[in-house]
Structure formats: structure tokens, C-alpha cells
Amino acid sequence: MSKVVICDHPLIQHKLTFIRNKDTNTKDFRELVDEVATLMAYEITRDVPLDTITVETPVATTEAKVVSGRMLGLIPILRAGLGMVEGMLKLIPAAKVGHIGLVRDHETLQPTEYYINLPTDAANRQLIVIDPMLATGGSAIAAINSLKKRGCDQIKLMCLIAAPEGVKAVQDAHPEIDIYLAALDDALNEKGYIVPGLGDAGDRLFGTN
Ligand code: PRP
Ligand code: URA
């Protein structure tokens with residue numbers, strides 16, 4: 001079974017509180033999501049392999065570590081996943097970025113894929129699917145299905161907030177996928193919103209509703 005990692009660093013938890021607050025404006029919301037994505041990128045890359053190289057310091061020659069050539073790919077789920085891309089690229093600037101467009105029907109809660117564009121070598125990369133919200137899990141599962149159909153099998157999932165229902169659904173559908181979260185909330189409400197959550201992530205990021 002995969003692991004579920006709650007990134008409980010105090011700075012992440014602090015910023016998440018302001019992200020949740022309904023009175024946080026679009027500009028601040030966007031900046032905070034970006035900052036939390038950077039902090040979570042630190043956690044999700046904890047296991048990237050290192051190589052040893054020789055380096056000359058001003059004082060001596062020594063062996064030292066560098067990140068090995070393992071290739072990363074970020075796969076934001078449109079739209080809201082876009083809000084986390086720049087923050088992650090601050091730490092992993094060489095990552096390539098693919099996009100999957102999914103929209104959830106507000107009545108049925110079923111996701112429909114309307115766009116996909118992946119790096120040509122996506123199947124050789126460690127991919128991180130990013131979306132602020134894991135609610136029913138339908139969107140994340142559809143994105144991962146789409147990636148697997150194209151030969152990608154090294155996949156992690158990173159979200160700001162999840163409902164227990166969404167985590168279970170992803171684990172049932174894709175038991176090998178590790179899930180990184182800033183918070184695991186209480187439940188979904190009857191409209192498929194995470195409680196307490198943060199509302200509609202896409203609307204709050206882009207100022208729509
Ligand atoms: C939201 C969110 C996730 C999805 C989560 O996107 O960003 O992608 O819902 O819900 P689920 O786990 O029940 O599938 P939405 O479909 O509202 O699209 P948007 O990002 O374009 O606003
Ligand atoms: N999508 C959102 O943006 N928010 C939720 O609470 C659930 C799905």
C-alpha cells in the first residue's frame with residue numbers, strides 16, 4: 001500500500017490557515033498557494049537519488065553530493081493545479097511540465113478530460129500530479145489513468161487538502177501511488193466540497209465564481 005504523507009511543517013500549516021480563510025483575497029491566496037507548493041516540493045523530493053562528485057573547495061578537494069540526473073515531471077490538473085506549478089519549479093527548475101485538463105460536473109461530480117499535453121519523454125520521468133483539492137478522488141484517478149495509459153508508471157500525487165473519501169478512492173484505484181498532502185480534512189459535503197476545506201480552489205485562484 002502507498003503512503004500518505006501529511007506535510008505538517010509549521011510554515012505550511014500557518015500558510016494553509018490563511019489559504020482556508022474566506023476573507024483572503026485572490027492575490028494573497030495565489031501567493032500563499034505558491035509558497036506552500038514550494039515548501040511541499042521540498043518534502044516530495046526528499047527521496048531523489050544523489051550522485052557523488054569531486055569538488056575543489058578553496059581549502060581542499062572533497063567528495064560531495066549532487067542530485068542525480070533523475071528526471072522529474074510536474075503534471076498540474078487544470079485549472080487549479082496551475083497555481084502550484086511555479087512554486088514547485090522554484091526548487092526543481094529542470095522539471096518538465098505536462099498538463100491534463102479535467103472538469104468536474106457539478107451535479108454528478110464525474111470528471112471529463114478536455115485536454116492533455118505531456119512531455120514526449122513523460123514515461124521515463126518521475127511524475128508528480130498536482131492539484132490543490134482531492135475531494136471524491138475522481139479527477140486524480142482520471143489523471144493517473146490517463147498517464148498510465150500513456151506508459152507512465154512512476155507517479156506521485158500532491159494536493160493541498162484531501163477528504164478521507166478521496167484518499168481512499170485513490171488508494172483503491174492506484175494502491176502504489178504515494179500521496180502528499182498539507183492537510184487531511186473531515187469529510188465531503190453533499191455538494192462534493194471538502195469540509196472545512198477552502199471552497200473552490202480554481203475560483204479562488206483565478207478570481208472567478
Ligand atoms: C476541482 C479541483 C480538482 C477537483 C477535485 O476542479 O481542482 O481538480 O475539483 O474534485 P474530485 O476529487 O471530486 O474530482 P474543478 O473540476 O472544479 O475544475 P477547475 O480546477 O477548473 O476549477
Ligand atoms: N474542488 C474544489 O475546488 N474544492 C472542493 O472542496 C472540492 C472540489
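The values are calculated or read from the model by the stated rules, or taken from the named source; none is laboratory data. Keep in mind it's a predicted model, so treat the numbers as computed, not measured. In this analysis, Cβ positions are derived from the backbone assuming ideal geometry, glycine residues included, and neighbour counts consider all displayed protein chains. Just so you know, the surface numbers come from the protein's heavy atoms only, side chains and all, with ligands and any DNA or RNA stripped out. Shrake-Rupley method; radii C 1.70, N 1.55, O 1.52, S 1.80 Å.
Scanning region 195-204 for residues that are under 26 Å from Glu35 (Cα atoms), near ligand 1 (Cβ under 8 Å from one of its atoms) and in contact with a Gly (Cβ under 8 Å, 6 or more places away or on another chain) turns up at least one hit. Taking Leu157 as meeting all but one of (1) out of contact with any helix residue (DSSP H, G or I) (no Cβ under 6 Å at 6 or more places or on another chain); (2) more than 8 Å from ligand 1 (Cβ to nearest atom), write down the number of the exception. Only one criterion in (1) out of contact with any helix residue (DSSP H, G or I) (no Cβ under 6 Å at 6 or more places or on another chain); (2) more than 8 Å from ligand 1 (Cβ to nearest atom) is unmet by Leu157, namely (1).
Residue under question is Leu147, and the condition is that it be near ligand 1 (Cβ under 10 Å from one of its atoms), over 23 Å from Glu107 (Cβ atoms) and within 17 Å of the chain's Cα centre (by Cα); does it hold? Don't jump to the end; show me each part of the working.
Values: near ligand 1 (Cβ under 10 Å from one of its atoms): no; over 23 Å from Glu107 (Cβ atoms): yes; within 17 Å of the chain's Cα centre (by Cα): yes.
It is false that Leu147 is near ligand 1 (Cβ under 10 Å from one of its atoms), over 23 Å from Glu107 (Cβ atoms) and within 17 Å of the chain's Cα centre (by Cα).
Any idea which residue in region 44-57 is most open to solvent (accessible area, probe 1.4 Å), counting only those that are touching a strand residue (DSSP E or B) at 6+ places or on another chain (Cβ under 7 Å) and not polar (S, T, N, Q)? Among them, the one singled out is Leu50.
For Ala182, the requirement of being within 12 Å of ligand 2 (Cβ to nearest atom), of a type outside the set (D, E, K, R) and in contact with a Leu (Cβ under 8 Å, 6 or more places away or on another chain) is not met. Residue pairs whose Cβ atoms lie under 7 Å apart, sitting 6 or more positions apart in sequence or on different chains, and linking a residue in region 183-209 that is of a type outside the set (A, V, I, L, M, F, W, C) and open to solvent by less than 30 Å² (accessible area, probe 1.4 Å) to a partner that is within 12 Å of ligand 1 (Cβ to nearest atom) and in a helix (DSSP H, G or I), are Gly202/Ala80.
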